[in-house]
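**Q** The structure that follows is given in the form of structure tokens.
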Amino acid sequence: MDGAIVRELGVSVDPKRQRVEVDGVAIRPAAFRYLVYNKPRGVLSALADPRGRGTLADVLPADAGRLFHVGRLDQDSEGLLLLTNDGELAARLMHPRYQIEKLYRVTCEGDLDAAAMTRMREGILDDGERLRAKSVEFIEAGLYNIVLTEGKKREIRRLFAACGCPVRRLVRMAVGPLKLGSLSTGRFREVSEAELTELRRITSG
């Protein structure tokens with residue numbers, strides 16, 4: 001490191017100011033990458049699967065490098081998934097203290113009445129867990145917007161099932177400032193600088 005041989009573990013360096021070499025070859029940290037993916041139904045939010053099912057590793061662009069998904073969507077769900085190699089930001093986005101809002105469009109069987117929507121907002125006990133939506137909005141018959149700030153397993157499907165309206169289709173439309181917009185199913189786009197600035201702002205402190 002800058003001409004000095006380092007033999008101890010845990011030495012901190014500033015890659016912007018210091019030169020690090022291994023066997024004479026300069027080592028540079030990989031640039032951070034941030035991609036939004038419109039996940040189709042059937043793709044696992046995983047990079048490998050022992051059962052041979054389709055995963056993110058099968059669809060990532062060839063030049064993407066080693067990226068990881070922030071949170072997950074179950075195999076039958078669709079929509080916005082963020083992938084990055086920025087581990088610190090990913091951890092903050094998934095930490096419950098930041099209460100990052102996630103917007104979903106839900107198509108269900110039947111319709112929720114006012115009492116059911118109130119139950120969802122106040123919390124429903126299911127299998128020992130309290131499930132709760134921050135908001136539930138009626139769009140049209142069988143179609144709702146729902147906002148969560150937590151990520152419990154199959155939370156939306158469990159909420160709707162508890163109210164007698166099983167989910168037929170579930171699409172995540174937004175995560176914080178990231179919007180699915182017109183991004184086609186199965187396609188990727190880069191996160192904009194404005195979006196990245198806002199992601200960092202809402203996970204600061």
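**Q** Kindly list, by first and then second residue, each pair from a residue in region 176-199 that is of a type in the set (Lys, Arg) to a residue that is in a loop (DSSP other than H, G, I, E, B) and surrounded by 13 or more Cβ atoms within 10 Å (Cβ to Cβ), limited to pairs with Cβ atoms under 6 Å and residues at least 6 apart or on different chains.
**A** 189/183
**Q** Answer yes if at least one residue in region 99-111 is touching a Phe, Trp or Tyr at 6+ places or on another chain (Cβ under 6 Å) and in contact (Cβ under 8 Å) with a residue 12 or more places away in the chain, and no otherwise.
**A** Yes, because at least one residue in region 99-111 is touching a Phe, Trp or Tyr at 6+ places or on another chain (Cβ under 6 Å) and in contact (Cβ under 8 Å) with a residue 12 or more places away in the chain.
**Q** Which residues, taken from region 64-98, are free of Cβ contacts under 8 Å to residues at least 40 places away in the same chain, outside any loop (DSSP other than H, G, I, E, B) and charged (D, E, K, R)?
**A** Result: 88, 97.
**Q** For region 141-168, enumerate the residues that are surrounded by 15 or more Cβ atoms within 10 Å (Cβ to Cβ), closer than 24 Å to residue 54 by Cβ and either at pLDDT below 95 or not hydrophobic (A, V, I, L, M, F, W, C) (or both).
**A** 154, 155, 157 - these are the residues of region 141-168 that are surrounded by 15 or more Cβ atoms within 10 Å (Cβ to Cβ), closer than 24 Å to residue 54 by Cβ and either at pLDDT below 95 or not hydrophobic (A, V, I, L, M, F, W, C) (or both).
**Q** Could you check region 77-112 and list, in sequence order, the residues that are among the β-branched types (Val, Ile, Thr) and crowded, with 18+ Cβ neighbours inside 10 Å?
**A** The initial filter retains those residues of region 77-112 that are among the β-branched types (Val, Ile, Thr), namely 84, 100, 106-107.
Scanning region 77-112 gives 84, 100, 106.
**Q** Which of the residues that make up region 149-205 are assigned to a loop (DSSP other than H, G, I, E, B) and closer than 12 Å to residue 102 by Cα?
**A** Those that are assigned to a loop (DSSP other than H, G, I, E, B) and closer than 12 Å to residue 102 by Cα: 149, 150, 151, 176, 177, 180.
**Q** Next question, about the same structure. Which one of these is out of contact with any Asp or Glu (no Cβ under 9 Å at 6 or more places or on another chain), within 17 Å of residue 184 (Cα to Cα) and at pLDDT below 95: 80, 60?
**A** Details: 80 fails: at pLDDT below 95.
Selected residue: 60, the only one of 80, 60 that is out of contact with any Asp or Glu (no Cβ under 9 Å at 6 or more places or on another chain), within 17 Å of residue 184 (Cα to Cα) and at pLDDT below 95.
**Q** Further question: Checking residue 124 against (1) without any contact (Cβ under 8 Å) to a residue 24 or more places away in the chain; (2) farther than 27 Å from residue 178 by Cβ, only one condition comes out false. Which one?
**A** Every listed condition holds for residue 124 apart from (1).
The values are calculated or read from the model by the stated rules, or taken from the named source; none is laboratory data. For clarity, every value in this text was computed on a predicted model and none was experimentally measured. Positions of Cβ are generated from backbone atoms using ideal geometry, with glycine treated the same way; all protein chains shown enter the neighbour counts.
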